[in-house]
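Would you mind keeping the following structure in view while I ask a few things?
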Amino acid sequence: MIDVRGVVKGYLEGGRRRVVLDGVDFTVADGEQVAVMGPSGSGKSTLLNLLGAMEPPDAGTVRVADEDLTSLNERGRTLFRRRRIGFVFQELNLVPTLTVLENLLLPLELNGALDTAGRRRAGALLERVGLGDRGGGFPENLSGGERQRVAVVRALVHRPALLLADEPTGSLDAAAASDVLSLFAALRGEHGLTAVLATHSSAVAARADRIVEVGGGRLREGAAA
Ligand SMILES: Nc1ncnc2c1ncn2[C@@H]1O[C@H](COP(=O)(O)OP(=O)(O)OP(=O)(O)O)[C@@H](O)[C@H]1O
Ligand SMILES: [Mg+2]
């Protein structure tokens, strides 16, 4: 599903270039669910952004779902993201002027795939994270953890091949976090969902098939959490 080779990514800061990822290789098999750990600022979100075609690397290749992301232009990356990727942003990025349900239907609408089955799926997923009765409310009236669960559902509603989730359980209590992780596991069974989760939580990492650690610009297979 994922094949990253020799990826370098840095940012300009005050005229100087700071390298965040410095020659990273990373592979993930279809259906595998991998946790990415590492200190704050080490490059976990940067890696997820590259995998989700949010931005291109400075060097190296990123292949996801049989697509060479480094060969896509901006339009190509946008379409790839919409169709194949579910992204749970660290800052959630729910649209405040849309209701919860409207937020969930947005990915389907952007794909021209807003049909009865899609609506039903959105409702069923919302139910599965315990928010079945909140679809008509607005994000600002939800708690942080409730908003996080909505963001998780929004990332899944169009049945992405790859879920990229940046701290998807950061504001959840242990029970709600466990429910969300069980949902990911169930969706792997239902449609082969592959997932890469950035997390600081060893409880989350322990439920993944594999842990990798980012640090010092490199990525290494991590020990069990
Ligand atoms: N768009 C950007 N412009 C400039 N610097 C950036 C940008 N995005 C990330 N960085 C820098 O890259 C480094 C890695 O950031 P990143 O967000 O990937 O870390 P992280 O591992 O996700 O951290 P956290 O655990 O705090 O979320 C940081 O030093 C950050 O300041
Ligand atoms: Mg981050």
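The values are calculated or read from the model by the stated rules, or taken from the named source; none is laboratory data. Fair warning: this is a prediction, and the values are worked out from it, not measured in the lab. As a convention, Cβ positions derive from the backbone with ideal geometry for all residues, glycine included, and neighbour counts pool all protein chains shown. Side chains are part of the model used for accessible areas, which takes the heavy atoms of the whole protein and leaves out ligands, DNA and RNA. Shrake-Rupley method; radii C 1.70, N 1.55, O 1.52, S 1.80 Å.
Kindly indicate which of 105, 101 is modelled with pLDDT of 95 or more, more than 13 Å from ligand 1 (Cβ to nearest atom), open to solvent by 50 Å² or more (accessible area, probe 1.4 Å) and under 30 Å from residue 136 (Cα atoms).
Only one candidate qualifies: 101.
Let me ask you something else. Criterion first (open to solvent by less than 10 Å² (accessible area, probe 1.4 Å) and either touching a residue at least 12 places away in the same chain (Cβ under 8 Å) or out of contact with any Asp or Glu (no Cβ under 8 Å at 6 or more places or on another chain) (or both)) does residue 110 satisfy it? So that I can check it myself, show each step before the final result.
Values: open to solvent by less than 10 Å² (accessible area, probe 1.4 Å): no; either touching a residue at least 12 places away in the same chain (Cβ under 8 Å) or out of contact with any Asp or Glu (no Cβ under 8 Å at 6 or more places or on another chain) (or both): yes.
No: the conditions fail for residue 110.
Across the stretch 13-24, which residue is least open to solvent (accessible area, probe 1.4 Å) among those that are away from ligand 2 (no atom under 16 Å from the Cβ) and touching a strand residue (DSSP E or B) at 6+ places or on another chain (Cβ under 8 Å)?
Going through the qualifying residues, I end up with 23.
Might you let me know whether the stretch 55-69 holds any residue that is open to solvent by 50 Å² or more (accessible area, probe 1.4 Å), more than 18 Å from residue 157 (Cα to Cα) and within 16 Å of ligand 2 (Cβ to nearest atom)?
no
For the stretch 32-42, state whether one or more residues are in contact with a Leu (Cβ under 6 Å, 6 or more places away or on another chain) and within 16 Å of ligand 2 (Cβ to nearest atom).
yes
Just one of 46, 27 is of a type outside the set (A, V, I, L, M), within 20 Å of residue 218 (Cα to Cα) and away from ligand 2 (no atom under 16 Å from the Cβ); which is it?
27
Kindly list, by first and then second residue, each pair from a residue in the stretch 160-186 that is among the polar types (S, T, N, Q) to a residue that is crowded, with 23+ Cβ neighbours inside 10 Å and outside any helix (DSSP H, G or I), limited to pairs with Cβ atoms under 8 Å and residues at least 6 apart or on different chains.
Qualifying pairs under 8 Å: 169/199.
Which of the following residues is surrounded by fewer than 21 Cβ atoms within 10 Å (Cβ to Cβ) and away from ligand 1 (no atom under 16 Å from the Cβ): 175, 208?
Selected residue: 175, the only one of 175, 208 that is surrounded by fewer than 21 Cβ atoms within 10 Å (Cβ to Cβ) and away from ligand 1 (no atom under 16 Å from the Cβ).
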